[in-house]
Amino acid sequence: MPRTEPIKAARGVRDILPDAIPLRRRTEGIAAEVAQRYGYQEIVTPVIEQRELIDRVGEDTDAVAKELYRLEKRGSQNLALRPEATAGVVRAYFEGGLTKGPQPSRLYLIGPMFRHDKPQKGRYREFYQFNVEVIGGSSAGFDAEVIELARDWLTGAGLDDLRLELNSIGDDRCRPTYLERLKEYYAPLRTELSADSQVRLERNPLRLLDSKLPHEQAFKERAPKISEHLCPECAAHWDAVRRLLDSAGIEYVHNPYLVRGLDYYTRTVFEFYPGGATGQQDALASGGRYDGLAAAEGWPSTPGVGFAGGIDRVVDQLAARPAEVAMKPAAEVLVVPDGDASLAAAEVARICRRVRSTAVDYEVRSFAAKMRLAGNLGARWVVIMRPAQATQRVARLREIATGAESEVGWDELPARLGG
Ligand code: HAM
């Protein structure tokens, strides 16, 4: 039975239409090129992971607690669509035996992530990330390296007005004491906090510093700052990261309230924003160190650091500017059978495709309409085929820019099309 309403895409997901592809592929291409220039190898992990693995990202993390796409049980497995890639990459590093390769492992991944968040511009339910991970390295040099790599990707893609925010959130040794202090500080303010913040006070007080609510800003400003309560090891790491960034000429802002939305972070956390913008949904790339994640997944304790860039957000920013990427024609050559020359047209198209992308207009329509199609495709040449000429294996080749037209033997076409 025909439906009265046509079926549309699910809420919060988008089609990437052909016109948007060149800029997207270019942005992804620059990501891969920059990662490889830094010695990173590509990895592909499944979009589906076990729920248990994803829980290790942090059960109080919004992406896990509120936004996870759970799949129905299949057998004994409880599966979900990945909301982020780091947990899966760490799993694959151990499961795939990369522990036996050169350490640390430098890996990158480009692929879709899924979060059932409230859709808005820049926040999609299916979105693509460029992930970069260094697994098996604890030195501050790796933290600075992934930050520099993120910067090179963003500037290479064409975004050079950036703001880098940086913080250290300590580790298992210093954070618990700090969290006690934070709780003590917030306890008398409890009734003035939002319902969400009251839950955070109990379960994950660090996230109180993430609050965007106007009336909670003043509380934050007077709260003890984690970067002032680091243990000597974390303080030394924090100093080293900043020294390395200074010597690389990478400017940053120390944001003492930057704690990040995922629970697995230790020590360094960072976010890149477009210059001038604020607010979580605007972060173009973000990441940090996750020294406890491998052990949380049940593998031997192994440090790691990395980031993920939001490909959709970067492309949105670039697309808002005057066209930078030259549109690639859908087909460089259009073969136009005039009259009954379809079979011959298919054969000529095959010859042209040896050197140029080629489409055939099989539709019966006026010659003028066929020429308009050539223009819309962005074609540079039209090959006009008439049945009488086809029997002699010749056609007329027209160059659209100049209008110059000449008779050409089919087999000369590749040479004439500049192949
Ligand atoms: P994240 O901050 O959740 O971190 O996401 C990283 C980036 O993905 C964000 O900065 C943003 O550009 C993009 N992003 C996040 N959510 C959305 C969305 N709903 N729509 C569009 N873009 C979005 C992570 O995922 C960590 N795994 C990063 C990491 C890697 N940390 C260490 N290694």
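Computed from the coordinates by the stated procedures, all read-outs in this text should not be read as laboratory data. Computed from a prediction, not measured in an experiment: that's the story for all the values here. Positions of Cβ are generated from backbone atoms using ideal geometry, with glycine treated the same way; all protein chains shown enter the neighbour counts.
Listed by Cβ neighbour count within 10 Å, with the fewest neighbours leading, 231, 352, 174 appear as 231, 174, 352. Counting only Cβ charges, +1 for Lys and Arg and -1 for Asp and Glu, the dipole size of the chain around its Cα centre is about 980 debye.
Let me have the 222 nm mean residue ellipticity of the chain computed from DSSP H runs of 4+ only, each contributing -39500 (n - 2.57), with the sum over all residues rounded to the nearest 500.
On the way: 15 runs with 140 residues, N = 419.
Taken over the chain, the calculation gives -9500 deg cm²/dmol.
Relative to the longest principal axis of the Cα atoms of the chain, the long axis of helix 175-186 lies at roughly 80 degrees. Look at the dipole of the chain built from charges on Cβ: of 144, 89, 105, the Cα furthest out on the positive end belongs to 89.
For a protection proxy built on the mean count of beta-carbon atoms within 10 angstrom, sort 126-133, 22-29 highest first, please. Please list the in-between numbers first.
Numbers: 126-133: 23.4, 22-29: 17.6.
In decreasing order of mean packing, 126-133, 22-29 become 126-133, 22-29.
Scalar couplings 3J(HN,Hα) for segment 308-321, obtained by applying the Karplus form with A = 6.51, B = -1.76, C = 1.60 to θ = phi - 60°, are 10, x, x, 5, 4, 5, 5, 5, 4, 4, 5, 5, 6, 9 Hz; x denotes Gly and Pro.
Backbone geometry of segment 242-251 corresponds, through the Karplus equation with coefficients 6.51, -1.76 and 1.60 at θ = phi - 60°, to 3J(HN,Hα) couplings of 5, 4, 5, 5, 4, 6, 8, x, 9, 7 Hz, x marking Gly and Pro.
When the trypsin sites (Lys or Arg not before Pro) in segment 112-197 are filtered for DSSP coil states and for at most 12 other beta-carbon atoms within 10 Å of their beta-carbon, the remaining sites are 121. In order along segment 400-411, the phi-based Karplus estimate (6.51 cos²θ - 1.76 cosθ + 1.60, θ = phi - 60°) of 3J(HN,Hα) comes to 5, 4, 9, x, 5, 10, 8, 8, 9, x, 3, 6 Hz; Gly and Pro are listed as x. Less than 5 angstrom separates the built amide H of residue 171 from those of 231, 267, all sequence-distant by 5 or more or on a different chain.
Using a/c under 1.5 as the rounded threshold, could you call segment 93-180 rounded, prolate or oblate? The axes a ≥ b ≥ c are square roots of the C-alpha gyration tensor eigenvalues, and prolate needs a/b larger than b/c, oblate otherwise. Note, shape of segment 93-180 comes out rounded. Ordered by the count of other Cβ atoms within 10 Å of each Cβ, fewest first, 154, 343, 245 give 343, 245, 154.
Ranked from highest to lowest mean number of other Cβ atoms within 10 Å per residue, what is the order of the peptides 395-403, 354-362, 2-10?
Most protected by this proxy first, the peptides run 354-362, 395-403, 2-10.
Each distinct pair of alpha carbons in the chain adds a 1/r term; the inverse of their mean, the Kirkwood radius, is 24.9 Å.
Of the residues 254, 215, 116, 237, the one with the fewest other Cβ atoms within 10 Å heads the list, and the complete ranking is 215, 254, 116, 237.
Straight-distance candidates among the aspartates and glutamates for linking to residue 212, with alpha-carbon spacing under 14 Å and chain neighbours fewer than 8 residues away dropped: 196, 221, 282.
So how do 216-226, 364-374, 291-301 stack up, highest first, on mean other-Cβ count within 10 Å? Kindly include the intermediate steps, with their values, before the conclusion.
Working: 216-226: 15.0, 364-374: 13.5, 291-301: 16.5.
Descending packing order for the listed peptides: 291-301, 216-226, 364-374.
In this calculation the C-beta distance from residue 15 to residue 161 is compared with R0 = 41 Å, giving a FRET efficiency of 0.90.
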